[in-house]
Ligand SMILES: Cc1cc2nc3c(=O)[nH]c(=O)nc-3n(C[C@H](O)[C@H](O)[C@H](O)COP(=O)(O)OP(=O)(O)OC[C@H]3O[C@@H](n4cnc5c(N)ncnc54)[C@H](O)[C@@H]3O)c2cc1C
């Protein structure tokens, strides 16, 4: 094997890539982050850090500023129906602007002396006992390059994604939050997620199938519209949300975060899951057992995938969407259990 330049190249300096780099550094591996965008990096995201995500960040010494979240509240978008509220039983989550999260992670990465290389990863060759990443010998590559992962494509792990093609659109509204909950407003064709992210800032993300403008979708939510009194930022989008990989590993290449596949933003667990995958992927590399990662990653995501798929399938039908909030209000124990299953730390002892 030629002299490797790095033990690990991380493709992508989003939250999962930066967390993976910190784990690798802690495990004594030499690591570089390849990220073409300059920070602080923003992205269309609901920005609700579930308690599990906060625990992963805290374990890395990362404590981003934000607004505490007491739990999740479902509301009928028309304002006519009831509301259902579930509190997080293991302590709060936190609404955190993506730019604030990026800065908090990047600060730790810089303090650890981990180099950031502004070139995107564009070529990967597997030479058996090492990889050539854009011609440079390296031991391992972590693909943390997001929903449309070029690394996933380069190493032949793309898989077709069936089902509804949903997209996310998000803006911020300059005003004090009116609730300590992530509010999920349901309409017949869309959901609006309201996340307090600071003392004077509220995020609004709308999830729906392709073809509608953010402003038109917001018209489905008259009560929410009335609440939104502050100045609005420009709208960012992401999607299609559903992405699949054939496996989360191919030899010395492991996929972490959205790069390894994504179901939907409906249940807000993307960051908790991605941060846990980053930790477990590096544990596998440090133990010299990259082949274990795919199975462990599947196990990490199982609970979330089952719940998200079930909710997605059920809410594809208009009558179910209409009855969802009243049903959650009538069965508070069930709603509470589902929310707290999703909020539970991922792959750590309960
Ligand atoms: C509308 C919406 C709402 C959401 N709400 C929530 C929520 O409330 N809570 C939650 O936990 N999750 C939520 N999610 C999911 C969450 O945003 C993702 O799970 C999370 O951003 C994944 O992080 P990541 O680091 O894997 O990918 P990303 O954040 O997408 O980062 C990937 C990085 O890779 C870089 N990159 C791309 N190509 C290359 C390349 N060739 N070489 C090097 N770098 C490259 C990109 O520039 C980018 O910076 C939501 C998602 C959407 C779309």
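Compute a Gaussian network model of the chain, connecting alpha carbons closer than 10 Å, and tell me which residue from 177, 319, 196 fluctuates the most.
The residue with the greatest mean-square fluctuation here is 319.
May I ask for the angle, rounded to the nearest 10°, between helix 332-343 and the longest principal axis of the chain, with both axes built from Cα atoms and the value confined to 0 to 90°?
Relative to the chain, helix 332-343 is tipped by roughly 20 degrees.
Run the Debye formula on the Cα coordinates of the stretch 246-350, all scatterers equal and no solvent, and tell me log10 I(q)/I(0) at q = 0.13, 0.20, 0.21 1/Å.
Log10 I(q)/I(0), no solvent term: -0.54, -1.00, -1.07.
Give me the log10 of I(q) over I(0) for the chain at q = 0.10, 0.11 Å⁻¹, as the Debye formula computes it from C-alpha points; what are the numbers?
-0.58, -0.70
Once you keep just the Cα pairs under 8 angstrom separated by 6 or more residues, what percentage relative contact order results for the chain?
24
Once each part is reduced to its C-alpha centroid, what is the distance from the stretch 155-207 to the stretch 11-79 in angstrom?
So the separation of the two Cα centres works out to 16 Å.
Two decimals, Cα atoms only, Kirkwood Rh: what is Rg/Rh over the stretch 105-236?
Taking Rg over the Kirkwood Rh, I get 1.12.
Given a cut-off of under 8 Å on Cα pairs at least six residues apart, what relative contact order in percent is computed for the stretch 117-250?
Normalised by residue count, the contact order of the stretch 117-250 is 27 percent.
For residue 302 and residue 322 in the same chain, what is the full-extension length gain: residue separation times 0.36 nm, less their Cα-Cα distance, in nm?
Working: separation 20, 0.36 × 20 = 7.20 nm, distance 2.75 nm.
Contour length minus Cα-Cα distance gives 4.5 nm.
So in the chain, what percent of DSSP beta bridges are antiparallel if you round to the nearest 5?
70
Calculate how steeply helix 98-111 sits against the longest principal axis of the alpha-carbon atoms of the chain, using the helix alpha-carbon long axis, and give the answer as 0 to 90 degrees to the nearest 10.
30
Only Cα pairs within less than 10 Å get springs; with that Gaussian network setup on the chain, which residue of 148, 309, 185 has the largest fluctuation?
Sorting by GNM fluctuation, first place goes to 309.
Pick from 202, 109, 184: which residue has the top mean-square fluctuation in a GNM of the chain where Cα pairs under 10 Å get a spring?
109
So for the stretch 201-299, Kirkwood radius off the Cα pairs, Stokes-Einstein at 37 °C and 0.692 mPa s: how many µm² s⁻¹?
For these conditions, the coefficient is 203 µm²/s.
Every read-out reported here was derived from the displayed coordinates using simple, explicitly stated rules and does not represent laboratory data. Computed from a prediction, not measured in an experiment: that's the story for all the values here.
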